[in-house]
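Notes to accompany the following structure.
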Amino acid sequence: MMETIYSYVLRTDDGAAPNPLWGTCTLTICKPVIRRTAKVGDWVIGVGSANVEVSKRKFESYSNKLVYAMKITDIKPLAEYDAYCREHIPNKIPQWDKGDWKSRVGDCIYDFSNGDNPTLRKGVHNEDCRGTDLRGCNALLSDCFYYFGREAKEIPPHLHEIIKRNRGHKKIMNPKIISDFEAWINQFEQNRLYDDPLNAWFYMGEVSDEDISRCSKICASDDIADDEEIIN
């Protein structure tokens, strides 16, 4: 059975969702519908938006550019992902006090050690996002990914149908489109971080609880309207 491509506009690319760090690309928070329905072998791709704040009050357009693509190679329920991170990739657990952005943007933000009602670790999300984060049920993992960040790649015209233009996501099941996408993406180096995330600068300095709250509300608002557009 041919795999599916899930495509969406990556409005916030701070290194947390996706988290392409520490050798495995993961999508564990945000995009609940994709995390709940995608299967091993499917692709998840994030396309840039037209108004990206690449540094404080400096904006650039990343329209029609691919920020990342991950082919799902493993799926874990969130509680299992928490246990997996503890044993295998502890750097995915946010360590806020370290101060560097890579430690702050860890996506293993829910601590299930005391059962099914997880504790929220200090990280890029606060309680405003709990409902949408947990509604996704799963963590998506990939050891077959392409992460471009600020070196986002221009998507060629023959692949523009994969681009999502508004909120929600596209579910692309057309075999020709998927085959053409794979032929194009395979020219790039796999599992390489070409550059920092578009919004990594945000976590490089002092970040207040108010700043986190503002970003969390934006993420939660985007995910509530996660409608699906199907391309057969």
Task: Coil-residue trypsin sites (Lys or Arg not before Pro) of segment 22-78, DSSP, other Cβ within 10 Å capped at 12 - done: K39, K56, R57
Open item on the list: How far apart, in nanometres, would the label points at N191 and C137 be if each is projected 7 angstrom from Cα along the Cα-to-Cβ direction?
Closed with: 2.9
- [ ] Go through segment 51-64 residue by residue and turn each phi into a ³J(HN,Hα) via Karplus (6.51, -1.76, 1.60, θ = phi - 60°); whole Hz please, and just put x for glycine and proline.
- [x] 9, 9, 7, 7, 7, 4, 6, 10, 10, 9, 8, 10, 4, 6
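Could you tell me which of the pairs K56/K176; K98/K164; K102/K153; K92/K176 are separated by over 31 angstrom between their Cα atoms in the structure shown? Please report the intermediate quantities before stating the final value.
Numbers: K56/K176 41 Å; K98/K164 36 Å; K102/K153 23 Å; K92/K176 36 Å.
Checking Cα-Cα distances, K56/K176; K98/K164; K92/K176 exceed 31 Å.
With contacts defined as alpha carbon pairs under 8 Å and 6 or more residues apart, what's the relative contact order of the chain in percent? Walk me through the numbers before you get to the answer.
Details: 514 pairs, mean separation 70.0, N = 232.
Relative contact order comes out at 30 percent.
Using a Förster distance of 22 angstrom, determine the FRET efficiency expected from the C-beta separation of D97 and R130, and round it to 0.05. Working shown, then result.
Values: r = 22 Å, r/R0 = 1.01.
The value I calculate is 0.50.
Assuming a ≥ b ≥ c are the square roots of the Cα gyration tensor eigenvalues, decide whether segment 52-151 counts as rounded (a/c under 1.5), prolate (otherwise, with a/b larger than b/c) or oblate.
Values: a/c = 1.85, a/b = 1.44, b/c = 1.29.
Prolate, since a/c reaches 1.5 and a/b exceeds b/c.
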- [ ] Towards the positive end of the charge dipole of the chain, with charges on Cβ (+1 Lys, Arg; -1 Asp, Glu), say which of Y203, P20, S55 has the farthest Cα.
- [x] S55
- [ ] Using packing as a proxy for protection, rank 83-93, 139-149 so that the peptide with the highest average count of other Cβ atoms within 10 Å comes first.
- [x] 139-149, 83-93
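If you take the square roots of the eigenvalues of the alpha-carbon gyration tensor of segment 1-117 and sort them as a ≥ b ≥ c, do you get rounded (a/c under 1.5), prolate (a/b over b/c) or oblate?
Because a/c hits 1.5 or more and a/b fails to exceed b/c, segment 1-117 counts as oblate.
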Open item on the list: At R0 = 45 Å, how high is the FRET efficiency between D116 and I231 if r is their beta carbon distance? Nearest 0.05 is fine.
Closed with: 0.80
TODO: Describe numerically, in nm with one decimal, the distance between label points set 7 Å from Cα along Cα→Cβ at S61 and at S179.
DONE: 3.4
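Once a ≥ b ≥ c are taken as the square roots of the eigenvalues of the Cα gyration tensor of segment 107-197, is the result rounded (a/c under 1.5), prolate (a/b larger than b/c) or oblate (a/b not larger than b/c)? Can you show the working numbers first?
Details: a/c = 2.39, a/b = 1.91, b/c = 1.25.
Since a/c reaches 1.5 and a/b is larger than b/c, the shape of segment 107-197 is classed as prolate.
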Task: Mean separation of Cα contacts under 8 Å (6+ apart) over length of segment 117-193, as relative contact order % - done: 41
Open item on the list: How high is the relative contact order of segment 1-40? Use alpha-carbon pairs under 8 Å, at least six apart in sequence, and give a whole percent.
Closed with: 28
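Read-outs: derived from the displayed coordinates by stated rules, not from any lab. Remember, predicted model here, so these are calculated numbers, not experimental data. Because the Cβ atoms are built from the backbone with ideal geometry, glycine has one as well, and the counts that use them run over all protein chains shown.
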